[in-house]
Amino acid sequence: MLFVYILFGLFLGLNVFYYSYIKINKTKFLFIPPIVVFLLAIACTVYGLMSTDNGWDGMTYGIIGFGVLFSSIVGTALLPFLYSYTIHSLSKNVKRYTMLILGLGFMACLMLILFPDPFLGILD
């Protein structure tokens, strides 16, 4: 179950990175999407530390924050490759499939978090 939270944070961060990259690409300030995702990771971790009385309850937010931080690092590493392609030069199918894969991955992780019982039937 730990990896599901990390994947949830990873897909959340990649979604935020991709959509902010699409919006920022027109202005050529391409350093902003990794910063936005990094600030989201800090916000997840701080929320987990501040919102709970017990440290164990907020640990899940820290794990999600780690996944978001990992997506920020991956996005920063991929930024030089993304810079060589403008978002307008990519075909509509590539943009459409990227949005579809990121959205479905995010929703699958969300369903695994919200409804874990059908997937844990082997433990009964």
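The values are calculated or read from the model by the stated rules, or taken from the named source; none is laboratory data. Treat the numbers as computed from the prediction; the structure is a model and nothing was measured. Here Cβ is always computed from backbone atoms with ideal geometry, including for glycine, and neighbour counts include all displayed protein chains.
Can you tell me which residue within the range 7-49, out of those that are among the aliphatic types (A, V, I, L, M), touching a Gly at 6+ places or on another chain (Cβ under 8 Å) and buried (at least 17 other Cβ atoms within 10 Å of the Cβ), is nearest to Cys109 (Cα to Cα)?
Leu7
Just a yes or no: is a residue in the range 30-47 under 15 Å from the mean Cα position of the chain (by Cα) and aromatic (Phe, Trp, Tyr)?
Checked against the condition, which is being under 15 Å from the mean Cα position of the chain (by Cα) and aromatic (Phe, Trp, Tyr), the range 30-47 yields at least one hit.
Name, by its number, the condition in (1) modelled with pLDDT under 90; (2) farther than 13 Å from Phe66 by Cα; (3) not hydroxyl-bearing (Ser, Thr, Tyr) that does not hold for Ile35.
Every listed condition holds for Ile35 apart from (1).
One line per residue, one yes/no per condition, for (1) within 23 Å of Leu114 (Cβ to Cβ); (2) among the aromatic types (Phe, Trp, Tyr); (3) free of Cβ contacts under 8 Å to residues at least 12 places away in the same chain:
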site: Gly9; (1), (2), (3): yes, no, no
site: Val16; (1), (2), (3): yes, no, no
site: Ser20; (1), (2), (3): no, no, no
site: Lys23; (1), (2), (3): no, no, yes
site: Thr27; (1), (2), (3): no, no, yes
site: Pro34; (1), (2), (3): no, no, no
site: Leu39; (1), (2), (3): no, no, yes
site: Gly48; (1), (2), (3): yes, no, no
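Condition first: among the aromatic types (Phe, Trp, Tyr), touching a residue at least 60 places away in the same chain (Cβ under 8 Å) and crowded, with 18+ Cβ neighbours inside 10 Å. Can you find one or more residues in the range 54-61 that meet it?
no
Restrict the check to the range 73-89 and report whether at least one residue is crowded, with 17+ Cβ neighbours inside 10 Å and at pLDDT below 90.
Yes.
From the list Ile42, Ile35, Ile22, pick out the single residue that is under 22 Å from Arg96 (Cα atoms), assigned to a helix (DSSP H, G or I) and of a type outside the set (S, T, N, Q).
Ile22 is the lone residue from the list that is under 22 Å from Arg96 (Cα atoms), assigned to a helix (DSSP H, G or I) and of a type outside the set (S, T, N, Q).
Is it true that some residue in the range 57-71 is among the aliphatic types (A, V, I, L, M), modelled with pLDDT under 85 and in a helix (DSSP H, G or I)?
no
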